[in-house]
Amino acid sequence: MATPKSKSKSKSVFDIVKSRELSCFQVRKRPNMDGWVDAFYEIGAIATQHDCEDIVPLALSYAKTTKYSHIIALSNEEGFVSLFDTSRKFALPTCYERNAEESRICEWSAHNNAVFDVNWIKDDTQILTASGDQTVKVWDVQEQKCLGVLVGHLGSVKSICSHPTNSDILVSGSRDGSFRLWDLRCNFTVKNRRGECSISSIADVKGAHDPSQAQRVRRCKSKGASMSITSVLWLKDQVSIATSGAADSVLKFWDTRNLKSIVTQTCPQPQSTGKQRLHGISSLSQDDSGVLLSASCMDSRVYLYNILQLEKGPLRYFEGGRIDSFFVKAAISPDASNIVCGSSNGKAYVWQVNKPQVEPTILKSHFEEVTAVDWSRSDHGKLVTASDDFTIRIWNKRNYAATPVIPFAIRRRIMAMPKVECKMLLNNEEIFPKSIDDDLLSDGTLHNPIKSVMPTTPPKITTPESHKNQLSSEFDLTVSPKSTPESASKSPSSVLNPPPSLKRTIRDYFASSS
């Protein structure tokens, strides 16, 4: 059934945001106290409704740029996308409907089916929506206008992620068991009945998490559900993709220069144990540095991996809540200090990454399954949770200390880091830096990890003359590189630090298509 169209707004999104910037709620400075006092407190609750009817929220995401980092995008099972301003001072917690009305920036009908994932791109001027109608749509945020439809999946699209430095490049994962790569710079083709242009994928991998390779599949799940890809991530090295599935807890890592086989894989337990019970993964997330990756598993644990040490398995795991459905997600904070996870018992759990032995902080305001969660990119410690109780809730962190503690992500981002430098920063399982001198400004203050991080300039790559014509006329991500001992290695270092023998990188293909 088609969902009703939302009412048009007289003001644009950015006009409303600009008018509210002067009235943003200011957080008080942190006082100095002896010892640590960690606490998350609720600062607002918003009803998830449309035309006064409650709708279950499915996905949410904070905007990525500093200017719009207070805005969240929320999608629901009826196909609507709403933007809310979380910087305002909310009314009493019981005024959910009033809070929704006053903080809503805009709302529109994105799909005639559930929207399972949303992703901001292009400096927060566009939004991607992944839907149960088997498509991904690109939206102009200011005009709420569809700029294109990505077609090709044969099942619900469960996850979408953009390239870390080029948001024209996307990866999506679907219930059909495949993940696909897309380039928004390609020419759009035939328009559909709504006048929306469509675009096809540039590469795809089918059966990426084929359940036939697993030891057994849960009986309660259908074949389609068991082969589903639940989450995709484009890693910070700009070349590698991580994927997870519903069949088991195996994480797979792919090199986009050669998608014919995985580079490496990892899981919580060795696959050789014949009687082990298999659990799927509901979500993946990574911190701003790109070194740590969290995976929420259906065994009700959240596993933490070091991308540079995948052969060791997870660094640690966090438990306490219940993950009874694939709608329950987890997310690591941008500075890698905390992990938040929803729970089927109506609560959310927040752990300290560097203190896994400490009991988690329990967020108790919800009373139905807590599903989607996300962290603000600029306001450290600020997060949002969504629940089947038809509300989303915004939380902030009280964090006092007598001496300053330096967050993990303040050290410079690892981009194909040499092995010697990796060992200096990551000594076995020690994940916090010992020195911060390189991250101090001349006045003694710290770099803002979001504002100061800049992509590493890639080395100049020359292409043989014999290949130039082929590159200019064909966009092929599946061309196999020259076989070398390094490329055949299963070491995770080949994911983040590709061998120099691979002369043709994904940048060559991107340049040839523009």
Residue list for segment 143-174, filter: assigned to a loop (DSSP other than H, G, I, E, B) and open to solvent by less than 20 Å² (accessible area, probe 1.4 Å): His153, Gly155, His163
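Those residues that are more than 22 Å from Ile121 (Cβ to Cβ), modelled with pLDDT of 70 or more and open to solvent by 20 Å² or more (accessible area, probe 1.4 Å), I need them from segment 175-190; list them, please.
Initially, segment 175-190 is screened for residues more than 22 Å from Ile121 (Cβ to Cβ), giving 175-177, 190.
In the following step, the residues that additionally are modelled with pLDDT of 70 or more were identified as 175-177.
Result: Arg175, Asp176.
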- line: Going through segment 284-302 in order, the residues found to be open to solvent by 10 Å² or more (accessible area, probe 1.4 Å) and assigned to a strand (DSSP E or B) are Leu284, Ser285, Gln286, Arg301
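When only residues in segment 362-390 that are among the hydroxyl-bearing types (Ser, Thr, Tyr) and modelled with pLDDT under 95 count, which is farthest from Phe84 (Cα to Cα)?
From segment 362-390, those among the hydroxyl-bearing types (Ser, Thr, Tyr) are 365, 371, 376, 378, 385, 387; that's our starting set.
Narrowing the set further to residues that are modelled with pLDDT under 95 leaves 365, 378.
Numbers: Ser365: 20, Ser378: 16 Å.
For segment 362-390, the residue satisfying everything is Ser365.
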Matching residues in segment 324-334 - criterion: being closer than 10 Å to Gln286 by Cα and in a loop (DSSP other than H, G, I, E, B): Ser333, Pro334
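Can you tell me which residue within segment 332-349, out of those that are among the aliphatic types (A, V, I, L, M) and in contact with a Phe, Trp or Tyr (Cβ under 6 Å, 6 or more places away or on another chain), is surrounded by the most Cβ atoms within 10 Å (Cβ to Cβ)? First the steps, then the outcome.
Taking segment 332-349 and keeping what is among the aliphatic types (A, V, I, L, M), we get 332, 336, 339-340, 348.
With the extra rule that they be in contact with a Phe, Trp or Tyr (Cβ under 6 Å, 6 or more places away or on another chain), the set shrinks to 336, 339.
Values: Ala336: 24, Ile339: 26.
Once the filter is applied, the top-ranked residue is Ile339.
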- prompt: Which residue pairs have Cβ atoms closer than 6 Å, lie 6 or more positions apart in sequence or on different chains, and pair a first residue in segment 67-92 that is among the hydroxyl-bearing types (Ser, Thr, Tyr) with a second residue that is surrounded by fewer than 18 Cβ atoms within 10 Å (Cβ to Cβ) and assigned to a loop (DSSP other than H, G, I, E, B)?
  reply: Ser87/Cys24; Ser87/Phe25
- line: Exactly one of Thr129, Thr86 is open to solvent by less than 40 Å² (accessible area, probe 1.4 Å), within 24 Å of the chain's Cα centre (by Cα), at negative phi and modelled with pLDDT under 95, and that one is Thr86
task: Hey, could you check segment 191-222 for residues that are open to solvent by 70 Å² or more (accessible area, probe 1.4 Å) and within 26 Å of the chain's Cα centre (by Cα) and say which is modelled with the highest pLDDT?
output: Lys206
task: Scan (1) closer than 13 Å to Thr48 by Cα; (2) among the hydrophobic types (A, V, I, L, M, F, W, C); (3) modelled with pLDDT of 95 or more for the single condition Phe116 breaks and write down its number.
output: (1)
- prompt: Restricting the search to segment 350-365, which residues are surrounded by fewer than 21 Cβ atoms within 10 Å (Cβ to Cβ), more than 19 Å from Arg322 (Cβ to Cβ) and aliphatic (A, V, I, L, M)?
  reply: Val358
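Just give me the residues in segment 314-323 being open to solvent by less than 10 Å² (accessible area, probe 1.4 Å) and not in a strand (DSSP E or B), in sequence order. Explain how you work it out, then say what you get.
Taking segment 314-323 first, the residues open to solvent by less than 10 Å² (accessible area, probe 1.4 Å) are 318, 323.
Of everything in segment 314-323, just one residue is open to solvent by less than 10 Å² (accessible area, probe 1.4 Å) and not in a strand (DSSP E or B), namely Ile323.
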query: Within segment 21-41, can one find any residue that is at pLDDT 90 or above and open to solvent by less than 50 Å² (accessible area, probe 1.4 Å)?
result: yes
query: When both residues are 6+ apart or on different chains and their Cβ atoms are under 6 Å apart, which pairs have a first residue that lies in segment 245-261 and is within 13 Å of Val205 (Cβ to Cβ), and a second that is among the aromatic types (Phe, Trp, Tyr)?
result: none
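The values are calculated or read from the model by the stated rules, or taken from the named source; none is laboratory data. These numbers were taken from a predicted model, which means no experiment stands behind them. Cβ atoms come from the backbone with ideal geometry, glycine included; neighbour counts cover every protein chain shown. SASA here: full protein model, heavy atoms, side chains in, ligands and nucleic acids out. Shrake-Rupley method; radii C 1.70, N 1.55, O 1.52, S 1.80 Å.
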